[in-house]
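Each reported figure results from applying straightforward, stated rules to the coordinates on display, with no laboratory input. Since this is a predicted model, take the numbers as computed values, not measurements. Because the Cβ atoms are built from the backbone with ideal geometry, glycine has one as well, and the counts that use them run over all protein chains shown.
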């Protein structure tokens, strides 16, 4: 886990090893990311930035977390689009530096809008294809799958109604 990462970095890299606070914060966000189905590297980046008292460059994140440049770049792009991190200007520095945004209301709102509501909105065509494919099945199976498609349409319809309500309750900007 991250403790192994810290030992590896301590032994192989001139970058400072992760300290216990950083390790625990990263582990906490990794647990959250698993529950949300997000890549571990995104959680590691956010966790380290969350407890960092100063903005970090992508190179620092790569070194400290032993990430590939591609993983770090993708993770930072995703986290920026989500509003979870922002670019910070540091005088005299040419590289971008990043810091965590710690506003749960906006993070939750953007996640719900971009990850959940988008999937509900995009599910119509997929459900239509599933319904067409179900018509090719045997009678008993067609009836069962048809009922499941009807249930999925109901979930999507309810989700499209509920998520905006939740966003409004959160007062979240999207």
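The long axis of helix 69-82 is offset from the longest Cα principal axis of the chain by roughly 60 degrees. Sorted largest first, the spans of the alpha carbon positions of segment 88-163 along the three principal axes are 71, 26, 14 Å. Pick from 161, 114, 141: which is most flexible by mean-square fluctuation in a GNM of the chain where alpha carbon atoms under 10 Å apart are linked? Checking each option, the largest mean-square fluctuation is seen for 141. Just how far, in whole angstrom, is segment 118-170 from segment 49-102 if you go by their alpha carbon centroids? Comparing the Cα centres of segment 49-102 and segment 118-170, I get a distance of 38 Å. Mean-square fluctuations from a GNM of the chain, with a 10 angstrom spring cutoff on Cα atoms, peak among 95, 148, 160 at 148. Going through (1) 32.2, 116; (2) 21.1, 71; (3) 19.2, 61, the figure that equals Rg and Dmax of the Cα atoms in Å as computed for the structure here is (2). When the chain is treated as a Gaussian network with alpha carbon springs shorter than 10 Å, the biggest mean-square fluctuation among 63, 103, 80 belongs to 103. Using only the alpha-carbon atoms, how far is helix 139-170 inclined from the longest principal axis of the chain? Give it as 0 to 90 degrees, nearest 10. So the helix axis and the longest Cα principal axis differ by about 50 degrees. Placing dummy labels 7 Å off each Cα toward the beta-carbon, the span from residue 94 to residue 143 is 7.2 nm. The C-alpha atoms of the chain define a longest principal axis, and helix 20-36 lies at about 10 degrees to it.
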